[in-house]
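Have a look at the structure below, then the notes.
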Amino acid sequence: MLRTEVVRNILSWYEGETPGLKSNLSRLLMHGRLGGTGRMVILPVDQGFEHGPARSFAANPVAYDPHYLYELAIESKVSGYAAPLGLLEQGADTYAGEVPLILKVNSGNSLVSNQDQAITGTVEDAMRLGCVGVGFTIYPGADSSYDMIEELREISHEAKSRGLISVVWSYPRGGKVSKDGETGFDIIAYAAHMAALMGATIIKVKLPTAHVDLDAAKPVYEQNGIATATAADRVRHIMQAAFAGKRLVVFSGGAAKNRQELLDEVQGIRDGGGNGSIIGRNSFQRSKEEAIALLNEVMDIYA
Amino acid sequence: MLRTEVVRNILSWYEGETPGLKSNLSRLLMHGRLGGTGRMVILPVDQGFEHGPARSFAANPVAYDPHYLYELAIESKVSGYAAPLGLLEQGADTYAGEVPLILKVNSGNSLVSNQDQAITGTVEDAMRLGCVGVGFTIYPGADSSYDMIEELREISHEAKSRGLISVVWSYPRGGKVSKDGETGFDIIAYAAHMAALMGATIIKVKLPTAHVDLDAAKPVYEQNGIATATAADRVRHIMQAAFAGKRLVVFSGGAAKNRQELLDEVQGIRDGGGNGSIIGRNSFQRSKEEAIALLNEVMDIYA
Amino acid sequence: MLRTEVVRNILSWYEGETPGLKSNLSRLLMHGRLGGTGRMVILPVDQGFEHGPARSFAANPVAYDPHYLYELAIESKVSGYAAPLGLLEQGADTYAGEVPLILKVNSGNSLVSNQDQAITGTVEDAMRLGCVGVGFTIYPGADSSYDMIEELREISHEAKSRGLISVVWSYPRGGKVSKDGETGFDIIAYAAHMAALMGATIIKVKLPTAHVDLDAAKPVYEQNGIATATAADRVRHIMQAAFAGKRLVVFSGGAAKNRQELLDEVQGIRDGGGNGSIIGRNSFQRSKEEAIALLNEVMDIYA
Amino acid sequence: MLRTEVVRNILSWYEGETPGLKSNLSRLLMHGRLGGTGRMVILPVDQGFEHGPARSFAANPVAYDPHYLYELAIESKVSGYAAPLGLLEQGADTYAGEVPLILKVNSGNSLVSNQDQAITGTVEDAMRLGCVGVGFTIYPGADSSYDMIEELREISHEAKSRGLISVVWSYPRGGKVSKDGETGFDIIAYAAHMAALMGATIIKVKLPTAHVDLDAAKPVYEQNGIATATAADRVRHIMQAAFAGKRLVVFSGGAAKNRQELLDEVQGIRDGGGNGSIIGRNSFQRSKEEAIALLNEVMDIYA
Amino acid sequence: MLRTEVVRNILSWYEGETPGLKSNLSRLLMHGRLGGTGRMVILPVDQGFEHGPARSFAANPVAYDPHYLYELAIESKVSGYAAPLGLLEQGADTYAGEVPLILKVNSGNSLVSNQDQAITGTVEDAMRLGCVGVGFTIYPGADSSYDMIEELREISHEAKSRGLISVVWSYPRGGKVSKDGETGFDIIAYAAHMAALMGATIIKVKLPTAHVDLDAAKPVYEQNGIATATAADRVRHIMQAAFAGKRLVVFSGGAAKNRQELLDEVQGIRDGGGNGSIIGRNSFQRSKEEAIALLNEVMDIYA
C-alpha cells in the first residue's frame, strides 16, 4: 500500500527526526486494519509484570504462551504489539516482520510499594529483535519522577539516534497529584504536554475524567471556558496540549469492562481527535474469537 | 550588518573562550531589532513544563502550536528563542536559521514537591538543532544545589568545548534563603556572582527587590552604603557582582503584568546597565499583534 | 551422545538467542546422568556466603576444600555446579571441562540486615573460568529489588551477548510479600513469570506451598479454579507462569531434610512438569557416598 | 634565576612524581619575591563563592573586576594566584604567563546548610588556562568527607598524570570534631597528615590553636610532651605531621585582621618551619597600595 | 634463592590466576628472613589515617619520616611493607626494589562516625610504584558492606588482570555483629571465608577469641565439637574456613602490647597453621633497634 496523505502529513510534524525514525513510524501507521488512517490500535502486554501472571492470563490460559499473544496481534490486524523483553524474545524469530513491535524497556510490579519502575530492556535489545521503537513509563509527580525523566531522556536519545520511535506512557501519580487527580483533566493534559516537550514520538495517557486537580489550574480552566462535558471534549483538550494535535496520542482502556463501555470510550476518543487506543486486558483476557471481534468493532469506529 | 564596536567590546570580555563560542555569542548579539546594541530581549517558553499547558497557553490558544512560538520570535525580531527539546524540534527544520535558538536542557514541573530539575536535553541535541547555546537552571541554596552545580559544570564544559554558549538561570531558593530572599538584593547578587564564577556566558536572574536577606550580609550593605532605592540602583549592583559588568546579565519579567509596570521595569534595567530582558508570559499570553507591539516598546527602550 | 529430540525441542524455545548461548545451554542439558532428558539436577554451593562456613561445612568437614565440591559434582554426575568466584577459581584448572559451571555473580550474607546482595563476580570472570553461564539472585518485593532487576538486566545482557546462559534465583521477600508469602503459590508464580519476562534462560524458585498471599490475587485463583492441592499441581501452575512451560524452571530443596521428604518433593516436581532440582545442603552436608546415593535416587525419578 | 639549592632539595622530596609535576612545582617556588627561598605567599580568591560578592569585594569595589585580582597578584609579586574557573578565565589571556595559577576546582557557598562542596572545575580546565595545578577542599569529619576524599583521589590522580600539582585545603569539621576542634592542634595535625597520605603536593591548613580536641589524642600529647605554647611550636608539630616536614604546608590567614596580628602569625609560621601563607581578604579588601605594602612586609619575614 | 617446595605448593593453590600474579606472590613469599618458608610477617602503616599522626608516631618521632618506615621494613627483613599512597610515594624511588610493597587503596579515619572507608589509591598507582599488590579493607556486617564488597570486586578484578595480588583486611562490624563479635570465633571464620569466596590472594583477619556470636551458629559449633580452647585451635578453624588452608591467612597484632603477649600469640598462630602476622604499632612505636629485635623473635618462631 502506498503511504496515504494522512500519514504523509503526520510524518511532516516530526521535522526534527531522521528518515530512519520516520520510516519506523510509517511502518506502524501503515500496518494492519487501520493502516493509512492516522489512527492506531496497539496491543500491550505488560500486565504480567504489573499484576502477576494469574491475574493477567488465568481468565484465558492459552495467553500464558507468548506465541498466542503474537498471533492475537497478527490475526486481529492491530497496528502493533508492545511487550517486555521475555515476551518479545519468545516469538521474535517465528513471527519476524509480521507485526510492528514495541519493546517496553521499563517495568514496575505490584510486590513493591514505591512508585518507580526498573529498566528491563535496552535500545540494543529493541534493534536485535527488529522493533520499530521502545516504550517507557514515567510517573510525573512521583518522588522518582526526575530520575525517570532523565532515564527517558537517555533512552529516547539513543533510540532516536538509531531511528527507533519512543512511546511514552505518561502516568501521573504521587507528589501534588491526588488519587482522583491521576486521571484528572488538567493532570492528563499536563502529562501529555510534558511527554511532548521531552520529544516523545507517541504519547500514551489514560482517558481523563472531568475532574480538575490542581488549585492553580482551576481558575484557568474556568476563565477560559475549556469544555470538559464529554469524553470528546476532554480528548480535544489533551490533543491541544500535545502541540495542538501535532503529536500522536493514544489512550489506554484500563481494566476489562463490557463491550459497550469500551466502544463508547473509543467513539469519544475518535470524535475528540485522538489517535487511537491501547487495548490489553480487554483483548487477551477474552477468547481469541471474541477478542478479534471486539478489536474489529473498535477499529471500525476509528477507520 | 558588520559587528559593532559595542559587541566587539563585549566579545573581548570572553577572553578564555574559543572563537567558536564567540561567534555563536556574536550571532545572538547581532540578531534582530537590538542587534549590535549589546542589549537583548529573549523569548523563553518553558512554562509548559513549569506550570502545565493550560496555565501557559489557554489565554492565547494558538500558542499551543510550536510553530506559533517560532513565528512570534521571528516576527517580533527579538534576539533569541529559548525552549525545551520538544518545542524546538517542532519547527527546527521549518524555521532553520531564522532566529538564534537556546535549548533549555533541564526542567522542573509543579507536580513534584522537591526543589530540583531533571535533565531533559543535551549539548548534542543543541548541536543537532542548530542552537547557539544551552540554557540551564540552578537553585542556589536548595538541597539539590550542589548536584545541579555539578551538572551545570559538565554541561557547560561540553558546550564550551563545542563552541556553544551557556545561559544560566540562577534562581536561589531553599537552604538559608527565606521566601522573600528569593528576590532579595544580596541573594540575587550572590546568585549572579556564582553563575559568573562557574563560567556562564549569559546570566539570567530575577529583578531584585530592596530586601537584604542574609544576616551576615546586612552590615556590609549598610557600611558600604550600597544604594538599593531604585530598580536602576539594584541592577547596577547586580552588574557589579557579575565581574564589574563584564558578564552579560538579563532579567526575567515574571508573571504577566500590565504594560506600564513592565516598561518601568525595563527602564530600570536599562538605566542600571543590565543587558536586557527575558519576556515569556508577557508576550505569548497576549495576541500576536499585542505581543509584538509590547516587545517593540520594550526594545525601543533598550535600543 | 547426539542431542536428543527433547533437548532439540527445548532449544527451539530460545528462538531469540544466539547459537553461542544455545550451545552452552545444550552443554548443560546433555551433561551427566540426566543428559538428554530435559531435566537437570544442579549442585549449588553459595551457603558459605549466606550462612557462613561452619553452618555449611562443619557437618562434613572435607567439604571445606573446594576440590571436594568439584569432585562431588563430577562423580555424582549431576548436570552442573554453581558457586561464587573463589570456589570456582580453586579447581577451575584441575577439573577444566569435567562439569558445566555456573558462576554465581551476586551474594548476600547473614551479617547484614538489609535485603540485598553484592556483585561478587562478573561475566568476564565466568568466561575466564570456562563457565556455561552466570547465576544471579533477585528479591522481588524488597526495597532494593528495582536496583537488583537493573543489575540483572545489565549482567544478563552482557552474558547473552557472549553466549552465556543466565540462571535467575527469583526469591521474593519484603514489600507487600508476607513471611508466608515468600513461598506462597501466587508469589512464586509471579516470581517465575518476572524472571521469564526479564529474559532468564533458567529460572530457579522455591517449591511453593498452597498459600495465596496477595489479596488482589485470591479471587483470581478461586474463580479460575487453579489447583493447589498437591506439589505436582502447584509445580504445574509455576510452569504455566513460565511462558506455558517454555522456560526451564528448577526448584530448590532448602534446608537439609530426610531422604523421603526430599524424594517426595522431587516426585511432585517431576509430575508437575518441572525441569529439575537444585540440591545443595542435602548433598554436601552428607558424606560423599551418601550424597551420591541420594543424588542418584533423585536423578532416577527425573530420568 | 637558576634553581636554588633549597628548591632543588624540596623537589627531591617528591620522588614519586613525574618531571612534569616537578617543573610546575618549580615554577611556583621560583616565582616572585620569595622565588628560590622555599617559602610561598599565595593569593586565593574564592570568597565570592564562600561568602558572596558584597561581603568579599564591597570594601574595595575595584576588586569586583577579575583583572584587578590578576594585577594585584602580579604587582605584589606573590608566588601564585588561586581562584575558581570564572575568575581565572577572565584574564587568562590578558595576563598569560605572568603569575603561576592554581584553579580551585571545588567550591561551597553559604546559602546551603550542609558541609560539602560542588565540583566547579576540572583538570582539563586547568590545563586549558595554563595553570601549574589545581586546588581542592576536603572537610575531614563531615558526613560527605569520604565522598570528598574520593573526588580528590580522582582529580589528584588525573592532575598528577598530566604534570599538575595538587593543593589540598584540608579543613576539618563535623563528625567527631567540635567547633573549637576545627582549629584544634591535634585536629589540624591530623588534617595535614591525611592530605599528605593522599598524595597532596601542597597542604593548606588553618593556623592551629593550643586546644587538643579528641579524647583519644589527649594522653598522647601529654605523655610525649608535645609543645603547644607558641604559634611556632604548633607549626613545628604540623610540619612533623606532614612527613617530618617533607611536604609543603601553607597556612591560611582567615578573616581580615590588623597588620600586627597578621605579621605576628607570619613570624610564628616562619619560626616553626612552615612554608608560607595564603592571604586573601587581608589583601584584596585593602586598597591596592596598602595590600602590596602589607604583602611585602609578610614576604620580608619569610625571605 | 631458588623457589622452595613449600612455596611451589602454595602457588599451586592459586590455579585460577595468571603467571603474573603468581610471580608477584612468589616475590612476597621468597623475600626476607622468612623467604621460602610459606610464612610471612608484614609491616603495615595505615594508623596515621586510622588514628592520626601523633597517636601513631609521637612515641617514636623518627617514624614521622616515611623513609624511616621503608628502612625499618628493609633492615628488619620482614616479608613486605603495606601503606597508603603518600607514604609509599615518599621513598618509592629511593628504595625501589628493596622490599615488596602493598598499596593500601582504601582508608578510614577516626574523625568520621560511620563505618566505611574511602578509596585513596588505585591499581594504577600500585603499578606505577612497583608494588606486588593492593590492600583493601571490608567491614562485613556494616551498612556500607555491600558497597565495599563491590568496590573490592572491581579493584580485585583490575589487580588480577594486571598480575597484582590482593590482600583483604576482613574486619566485621555493625549489622548483626555485636561488639564482642568483632573478634568472635564464628565471625572471624565467616570473615575469612567471605574474603576467600571473593577471590582474595591473602586474607588478613584479627586473632579470634573463643566467643561465638551468632545464635544460628552456636549449635553448629557445639554439635560438631569445634575446638576453641587455645589460640592454635582457633587459628586451625580459621584456616579451615579459608578453603581448608588453601588460602594464605595472616593475623593482625592490634594495639601495642608487651613482648611476651605478642610472642605467645605468634606461637598460637604458628601452631594452628596460620601463615603469619601483620605487625604495625608493635614495631614502629618502638625504637628501631628494639623493633628489629622483636620482629626477629617473631620471625624465629615462624621460621
Restricted to the protein assembly as shown, the DSSP antiparallel beta bridge percent, nearest 5, is 5 percent
Put a point 7 Å out from Cα along the line to Cβ at residue D:3; what are the distances to that point in the other copies, in nm, shortest first?
4.2, 4.2, 6.8, 6.8
Distance between modelled label sites at residue C:289 and residue A:267, nm, 7 Å Cα→Cβ extension:
8.3 nm
Beyond 20 Å between alpha-carbons counts as too far, so tell me which of C:160/C:206; A:176/B:206; D:77/D:288; B:104/B:206 fall in that bin.
C:160/C:206; A:176/B:206
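Work out the mean other chain Cβ neighbour count within 10 Å for the residues of B:290-303 and drop it here as an integer.
Neighbouring Cβ atoms belonging to other protein chains average 0 per residue here.
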Under 10 °C and 1.306 mPa s, how fast does segment B:190-303 diffuse according to Stokes-Einstein, given a Kirkwood radius computed over C-alpha pairs? Answer in µm²/s, whole number.
106 µm²/s
Treating the point 7 Å from Cα along Cα-beta-carbon as the label, what are the nm separations from residue A:259 to the other copies, to one decimal?
6.2, 6.3, 10.1, 10.1
Cα-based convex hull, the protein assembly as shown, per residue volume (Å³, whole number)
172 Å³
Within segment D:40-302, the percent of DSSP beta bridges that are antiparallel, given to the nearest 5, stands at 5 percent
I'd like the distance separating the alpha-carbon centroids of segment A:170-199 and segment E:120-156, in whole Å.
45 Å
How high is the relative contact order of segment C:40-302, in percent, counting Cα pairs under 8 Å that sit 6 or more residues apart?
17 percent
Of all the residues in chain E, which one has the C-beta that comes nearest the axis relating E to D, and what is the distance in Å?
E:147, 10
For segment B:40-302, Rg(Cα) over 2.2 N^0.38 Å is 0.97
At R0 = 25 Å, FRET efficiency that the Cβ-Cβ distance of residue C:5 and residue C:50 yields, to 0.05:
0.05
Within segment C:160-227, list the trypsin sites (Lys or Arg not before Pro) lying in a DSSP loop whose Cβ has at most 13 other Cβ atoms in a 10 Å radius.
C:179
Can you give me the Rg/Rh ratio for segment C:1-160, using Cα atoms for both radii and the Kirkwood formula for Rh?
0.98
Counting only other chains, what is the mean number of Cβ atoms within 10 angstrom of the Cβ of each residue in peptide E:8-17?
3
Kindly write out, for segment C:284-298 in residue order, the coupling ³J(HN,Hα) from the Karplus curve 6.51 cos²θ - 1.76 cosθ + 1.60 (θ = phi - 60°), rounded to whole Hz, with x marking Gly and Pro.
7, 8, 9, 5, 4, 4, 4, 4, 5, 4, 5, 4, 6, 4, 4
Asserting the computed 222 nm helical MRE of chain B (DSSP H runs at least 4 long, -39500 (n - 2.57) per run, divided by residue count, to nearest 500) equals -12500 deg cm²/dmol
Interchain or long-range residues, amide H under 5 Å from residue B:165's placed H
B:133, B:134
Using only Cα atoms, locate the centre of segment C:232-255 and the centre of segment C:21-35, then give the distance between them in Å, rounded to an integer.
19 Å
So for R0 = 22 Å, FRET eff. of residue A:74-residue A:296 from the Cβ-Cβ r, to 0.05, ends up at 0.95
Going 7 Å from Cα along the Cα-Cβ axis for the label, what nanometre distances separate residue C:273 from the same residue across the other copies?
5.1, 5.1, 8.2, 8.2
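Arranged from highest to lowest average of other beta-carbon atoms within 10 Å per residue, in what order do the peptides D:28-38, D:227-237 appear?
Order by mean packing, descending: D:28-38, D:227-237.
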Of C:111, C:25, C:263, the most mobile residue in a GNM of chain C (C-alpha springs, cutoff 10 Å) is C:111
Per 5 angstrom bin, beginning at 0 and ending with the bin that holds the maximum distance, the Cα pairs of segment D:163-223 fall in percents of 4, 20, 27, 21, 15, 8, 3, 1, 0
Whole-number D in µm²/s for segment A:24-97 (Stokes-Einstein; Kirkwood sum over Cα pairs; 37 °C, 0.692 mPa s)
252 µm²/s
Return the sequence-ordered ³J(HN,Hα) values of segment C:96-106 in whole Hz as given by the Karplus equation 6.51 cos²θ - 1.76 cosθ + 1.60 applied to θ = phi - 60°, using x for Gly and Pro.
3, x, 8, 7, x, 10, 10, 7, 6, 9, 9
What list of ³J(HN,Hα) couplings, whole Hz, do you get for segment C:49-59 from phi and the Karplus terms 6.51, -1.76, 1.60, once you set θ to phi - 60° and write x for glycine and proline?
5, 6, 10, x, x, 5, 5, 8, 10, 5, 5
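FYI, it's all coordinate maths here, none of it is from the lab. Given the structure is predicted, the values throughout are model-derived calculations rather than measurements. For neighbour counting, all protein chains shown are included, and Cβ atoms are generated from backbone atoms with ideal geometry for every residue, glycine included.
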